[in-house]
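Following: one structure in structure tokens, then a few remarks.
The values are calculated or read from the model by the stated rules, or taken from the named source; none is laboratory data. Everything numeric in this text was worked out from a predicted model, so none of it was measured. Because the Cβ atoms are built from the backbone with ideal geometry, glycine has one as well, and the counts that use them run over all protein chains shown. All accessible areas refer to the heavy atoms of the entire protein, side chains included, with ligands and DNA or RNA removed. Shrake-Rupley method; radii C 1.70, N 1.55, O 1.52, S 1.80 Å.
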Amino acid sequence: MLNYIRKNIVFRQVLMFVFVVSAGWNSCLLARGESPTNHEDDLTVCAPGVFDSYETMRAELAKLRKAYRPFMRSLPKPLHIREQIPVAGKWRFAYEVEPFGLSVREYVKGRNIPQPKKWYSKDYDDSLWETVDVPEWRYRQFPHSDPKNPRTRKAATSIGWYRTSFSTPTVKKGKRLFLVFQGVDWRAQVWVNGKFVGSHITYYEPFRFDITEFLEKDNILAVRVIDGPGYGEPMAAWGPFPAPESRLSRYTRNNQKEFLLSPTGAYGSAGPQGIAGHGGGGGGLVREVYLESCGEICIAAVFARADLRNNSVRVKVETDVKIDRKASIEVQIIPENFVGQPFLKTSSKKLSAGFGEHEIAVPISGMKLWSCKSPYLYRCRVILKDGGRIIDGRDVLFGCRSFTVTSAEESKKTGDTQGTLYLNGKPIFLRGANTNGLNLWWYWGQDDKIVDCLLMLKLANFNMVRVTQHVNFPEVREYMDRLGIMSEQDQGYGNGRIGRTSPEEWLATARPLARECYNNPGVVILNFGNEVTLNTRIVKKLMDEVLTVDPERIIMPISGLRKTVLPKGYSKNLVRDYHSYEGWYGKSGMVWNLAKKIEKLSDLRPKETITIDGKLIVGEFGAEAMDSYETMKSIFPPQFEVPDSPDVDVLKGYYQVKKDGLKQKVGFYGKVPRNLGEYIEASQNYQALLLAERTTTFRISPEKLSGYIMFYFAEPLPSFWPKAIVSSNLCPKKAYYEMAKVNRPLVPLFQIQKGGRIIEMWVANDLAREFRNCKISWTMESSGKELLAGSKIVDVPASNAILAEKVDLTAVPEETKIVKISLRLTDSSGRELSSYERELWLELWRKEHAVVK
């Protein structure tokens, strides 16, 4: 078990990692796949490494754990200056406004927040209120008038109150006491002893109030939590945690078993609620609450950013000062997870009363860059001193890296395509996956599961994640920083159009998210909307708010770009994406229509064309597949009623997977599956097939795309809508192994064209180096008999793809149904650089498609 000491202090975490092999993996259906032994590094060839079973995959995972163990270290001794006192007494809870549902159309208009009841009074009797544990997050959704139509879902809106008592601790003279909240979802209004002390919105930004003047010997704390779209929360499908498929549930710390099995848990008697089951809402005191003592001068925040052009670190220190004082600010740049030289700079400052900002540049030599393969981190330690006496101090972790995008202006000057991405000055192609369960696992103390999940991503050659309509807790973002995973953090806004004006809360999220992610080298993109049409003027305001905090930040205003026209003049900070779901939703656009190079961006979704310059990211694409039967039996709660045998004609996972659906027939090579075991096999085959075809299309189209992010990687909970390629017990489905092969930074690939008459042989290369005089070899066989073979000498360009050869398939007998295609790429000396192999139902690509009519 991976353990670490949590000190939940604003902008400071002290982590102790015990990095061991995880135990307790559940059994699952085994699938075959391959993975490289070397990982993301644009000077490293991905030599073939194979895991063709669950056990060999785990063996490769153990090697990866060992390789990244050094990066999990914290070498500097922790800084202990401030005292923290948890507010850990008995908490009471009651609803002022019981949860109610608004349809998507209704909540666009919103409602006025009522004036608070006098439940904040110190002498108010809350003895009849519910006794609760804090932190907690209460989730609620309402029935749908049409389960098949996501637009009929009703997200919850509510107002709840929390009350507790605490005694004023003894503090030294001249100290102030701050009340600190690590996170409240969504709007918090706070009273101490009946006196209003302040308010705050957004669940992912810690906040604090100076309550020194409000304190008595014994105190009453009252927190009013306003949540939901009816009161203006800019919510999309998810909040801090993945939404369970039930009408009523409650997240509390370390209660996984209770959550899954209790009558009011995620899978309570209400049961799954249909395709739109992820459309509810939730709120509460989602993170820790504590008191923190600090002097009349203290550090409010520290932001550190490396400047690779002049080998320095720019440090911005925000101070909170009670009275005018002179002090010295000492900035230390200390290697965090590697042995190296520390750097120091001290500056004397006159600190004026109130909040202030102070910038200090620290020159450093021998800078180690953060990258996906080598995630070197530094600790920026800021110490305030009065003479030789330490007044206050704060640590933040950061990495030295740059992440940029080619702007329209740069494109005209250099010829580089607008939208090309660069990490540390070298082009990078995003091979990403959506995921949204990491906050939940951290909440339940399953840190080993977080690490294994992220390393499984790397093992499958993914280099980034989109945290789908979530913002990760800082502890989770640090895991990504330490393991070399890039991420797109999502504020999330969607499920309806907002017209010409935007809710105040949505625009107000820009600065908090930019501040929260400023120091994380792994966070490369911020996103604020999902599949929504926004006014250009509003998007411009959002961009300006973000760039005021972080002028270097790359922003994706909307994931799933539709009709919104993005503002001009921001191209050096903009990336754009599109969601491409052919082959998953609906019966049109099946697999045989997907195998083609992207000639124009409208090829991503023919029914909706978009006018846009430069490269695009495919932000979502995929297909669903059921969990293995062994996984169902081992981890599904009783309410899911898994049969005693896979031979039963029951479908457990009933969304787009249909017993007699075309996708099932495609996944079963033309046969019709008849029982649960065969439904599972067919769905997993189809998911692997579609992802292989779609990803291949994207890999060979780097002139149009700067990356892709498949939907999605791992289920956080057992699910009846099984969208991921890894089950909630981290057991891979067949598509995981397929993606591990297609994701290789350097890989030979194939595409069937022209109704099965032609097969194209490609080489995709994401690496920033070319490979000259390489040989791509191929064979096609059926039932152990070789049908064709060939090879071609090619020069593989850097950061591009090349069509090596078109091979005639007309000589392959028409009765041939299933073939195995094997490709091998070698250098001029015969050394294998990469390989790819896949079984193919060739009959599916024949012109008539007779089998699937």
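Brief remarks follow.
- The set of residues in segment 99-121 that are open to solvent by 80 Å² or more (accessible area, probe 1.4 Å) and either modelled with pLDDT of 90 or more or not acidic (Asp, Glu) (or both) comprises ARG105, LYS109, ARG111, ASN112, GLN115, LYS117, LYS118.
- Check on ASN685, open to solvent by 10 Å² or more (accessible area, probe 1.4 Å), out of contact with any Asp or Glu (no Cβ under 9 Å at 6 or more places or on another chain), of a type outside the set (Ser, Thr, Tyr) and not in a loop (DSSP other than H, G, I, E, B): yes
- If you go through segment 359-392 and keep only what is out of contact with any Asp or Glu (no Cβ under 8 Å at 6 or more places or on another chain) and either on the phi > 0 side of the Ramachandran plot or in a strand (DSSP E or B) (or both), you end up with GLU359, ILE360, VAL362, PRO363, GLY366, LEU369, ASP386, GLY387, ARG389, ILE390, ILE391, ASP392.
- Hey, LYS413 open to solvent by 20 Å² or more (accessible area, probe 1.4 Å) and part of a loop (DSSP other than H, G, I, E, B) or not: no
- Flag for GLY707 being closer than 25 Å to VAL465 by Cβ, in contact with a His (Cβ under 6 Å, 6 or more places away or on another chain) and in contact (Cβ under 8 Å) with a residue 40 or more places away in the chain: no
- In segment 695-711, the residue that is nearest to ALA764 (Cα to Cα) out of those that are out of contact with any helix residue (DSSP H, G or I) (no Cβ under 9 Å at 6 or more places or on another chain) and open to solvent by 10 Å² or more (accessible area, probe 1.4 Å) is PRO702.
- Filtered by the rule that a residue be touching a residue at least 60 places away in the same chain (Cβ under 8 Å), open to solvent by 20 Å² or more (accessible area, probe 1.4 Å) and either of a type in the set (Ser, Thr, Tyr) or farther than 14 Å from ILE81 by Cα (or both), segment 164-180 gives SER165, PHE166, PRO169, GLY174.
- Which numbered condition VAL666 misses (of (1) open to solvent by 30 Å² or more (accessible area, probe 1.4 Å); (2) of a type outside the set (Ser, Thr, Tyr); (3) over 29 Å from the mean Cα position of the chain (by Cα)): (1)
- When ALA301, ALA327, ALA306 are screened for being in a strand (DSSP E or B), at pLDDT 95 or above and under 21 Å from LYS175 (Cα atoms), only ALA301 passes.
- Residue match in segment 548-561 (condition: part of a loop (DSSP other than H, G, I, E, B), crowded, with 21+ Cβ neighbours inside 10 Å and of a type in the set (Gly, Ala, Ser)): no
- Residue count for segment 735-760 satisfying the condition of being part of a strand (DSSP E or B), open to solvent by less than 10 Å² (accessible area, probe 1.4 Å) and not polar (S, T, N, Q): 7.
- Any hit, segment 517-532, residues being open to solvent by less than 30 Å² (accessible area, probe 1.4 Å) and in a helix (DSSP H, G or I): no
- Restricted to segment 194-204, and to residues there that are outside any strand (DSSP E or B) and at pLDDT below 95, the residue that is surrounded by the most Cβ atoms within 10 Å (Cβ to Cβ) is TYR203.
- Flag for LEU384 being over 30 Å from ALA768 (Cα atoms), open to solvent by less than 10 Å² (accessible area, probe 1.4 Å) and not charged (D, E, K, R): yes
- Residue in segment 171-186 that is modelled with pLDDT of 80 or more and in contact with a His (Cβ under 9 Å, 6 or more places away or on another chain) present: yes
- Residues (among the charged types (D, E, K, R) and farther than 12 Å from PHE750 by Cβ) located in segment 801-823: ASP808, GLU814, GLU815, LYS817
- Matching residues, segment 780-814, being assigned to a loop (DSSP other than H, G, I, E, B), open to solvent by less than 60 Å² (accessible area, probe 1.4 Å) and among the polar types (S, T, N, Q): SER799
- Criterion (touching a helix residue (DSSP H, G or I) at 6+ places or on another chain (Cβ under 6 Å) and of a type in the set (A, V, I, L, M)) met by exactly one of ALA508, ALA514: ALA514
- Residues in segment 342-360 that are open to solvent by 30 Å² or more (accessible area, probe 1.4 Å), farther than 21 Å from GLY295 by Cα and either free of Cβ contacts under 8 Å to residues at least 40 places away in the same chain or in contact with a Cys (Cβ under 9 Å, 6 or more places away or on another chain) (or both): PRO342, LEU344, LYS345.
- Of the residues in segment 761-779, at least one is under 23 Å from GLU738 (Cα atoms), touching a Cys at 6+ places or on another chain (Cβ under 9 Å) and crowded, with 18+ Cβ neighbours inside 10 Å.
- Test: residue in segment 330-341 that is touching an Asp or Glu at 6+ places or on another chain (Cβ under 8 Å) and open to solvent by 10 Å² or more (accessible area, probe 1.4 Å): no
- Contacts under 6 angstrom Cβ, first residue in segment 768-784 being more than 14 Å from SER835 (Cα to Cα) and of a type in the set (Ser, Thr, Tyr), partner modelled with pLDDT under 95 and not in a strand (DSSP E or B), 6 or more apart: SER782/THR816
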